[in-house]
1. About its Cα centre, what dipole magnitude does segment B:3-153 give when the only charges are +1 on Lys and Arg Cβ and -1 on Asp and Glu Cβ, stated in debye to the nearest 20?
2. Under 23 Å between alpha carbons, and skipping anything fewer than 8 positions from A:Lys130 in its own chain: which lysines qualify?
3. In a solvent-free Debye calculation with one equal scatterer on each Cα, what is log10 I(q)/I(0) for segment B:53-142 at q = 0.11, 0.21, 0.24 Å⁻¹, listed in the order of the q values?
4. Report the residue, chosen from B:Gly101, B:Gly135, B:Gly86, that carries the largest GNM mean-square fluctuation when chain B is represented by alpha-carbon nodes joined by springs under 10 Å.
5. Determine the share of segment B:3-153's accessible area contributed by carbon and sulfur atoms, expressed in whole percent, with a 1.4 angstrom probe.
6. Tell me whether segment A:3-153 comes out rounded, prolate or oblate; compute the Cα gyration tensor, take square roots of the eigenvalues as a ≥ b ≥ c, and use a/c under 1.5 as the rounded threshold.
7. What number comes out for the charge environment of B:Gln24, summing +1 per Lys or Arg and -1 per Asp or Glu over other residues with Cβ under 12 Å away?
8. List the distances, in nm to one decimal, from the label point of A:Thr49 to the label points of the same position in every other copy, shortest first, placing each label point 7 Å from Cα along the Cα-to-Cβ direction.
2 protein chains.
Amino acid sequence: MSDAQTVDTDGLLNSQFVVEMVRQMRAIDSYGSYDKLSTVEILEPFILTPEKKRDIPIIGDPDELVMARIRVFYNALSAMIEAECGLTAVPLVNLTHEGFGRVLITVGKLVVMDRTLRDVHRFGFPSISKMKDEGDKILSVALELIGNYSKVAGL
Amino acid sequence: MSDAQTVDTDGLLNSQFVVEMVRQMRAIDSYGSYDKLSTVEILEPFILTPEKKRDIPIIGDPDELVMARIRVFYNALSAMIEAECGLTAVPLVNLTHEGFGRVLITVGKLVVMDRTLRDVHRFGFPSISKMKDEGDKILSVALELIGNYSKVAGL
């Protein structure tokens, strides 16, 4: 990575979302194989450039690693929601082995995120910055819902 | 089945919950093998008398049939919630192959039922009547929640 890029992405790599993503990735790294990797290297599997995406077949079954990455992404979001609102956020990732499914995050009795996933063997983002944008979007919708329906979230 | 029993259970077997359970069981019966079975026979797999339960090992992996039955039970509940409140109720059964997991039913952004399941290879009820009681209990809690937080349920 060139110095210019490092400067560009410094704020991004220290953002709460990226830090949480790295923490979640380390959490599933039982053998310490990420110990010496940088943030960019640890998050590399999440980045699917158009070229990389083109190489993945349209139809395919997701492997355990992809499933684990999807969990990491939604766990990180749940951890951030929890940090922001002080209430437990529980992610629920329900995928078939064919890579279709539904992801929920609940806070109390409130569904703060609800998505249908498909083609998860192609799960990824064009860049770390795009991934953070996506995370921030979900987070802000979730926090707004919690703010509006705090009683249900507190149930 | 003796006549005395038939009279006893007539109201039960025509109750909305039991009718819905039978409908859901028939829905997964692709080969029409239940076509000639009575209600009691169709629901027989859900009934685990203490004797039958004793014969199932404490630890075991649930097979596809048990998983399907669990889905039937929560689908039937969702259908009933939907019939009562007029809003779509979506069940989400998330089980590991080891038989642990979580079941949710959501209406809009409201979680109207949320249960942790374990040992699902032993899923069953002592009798049809007990199964209906359990269903009615979940249903009444769900409908009360929807009544109290109708705005969230309508989201």
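1. Values: 17 positive and 22 negative charges, 104 e Å.
Here the size comes out at about 500 debye.
2. A:Lys52, A:Lys53
3. Per q value, in the given order, log10 I(q)/I(0) is -0.32, -1.05, -1.26.
4. In the Gaussian network model the winner is B:Gly86.
5. Details: 4170 of 8060 Å².
Carbon and sulfur atoms account for 52 percent of the accessible area of segment B:3-153.
6. oblate
7. Within the 12 Å Cβ shell, the charges total +2.
8. 6.8
The values are calculated or read from the model by the stated rules, or taken from the named source; none is laboratory data. Not measured: the values here are computed from a predicted model. For neighbour counting, all protein chains shown are included, and Cβ atoms are generated from backbone atoms with ideal geometry for every residue, glycine included. Side chains are part of the model used for accessible areas, which takes the heavy atoms of the whole protein and leaves out ligands, DNA and RNA. Shrake-Rupley method; radii C 1.70, N 1.55, O 1.52, S 1.80 Å.
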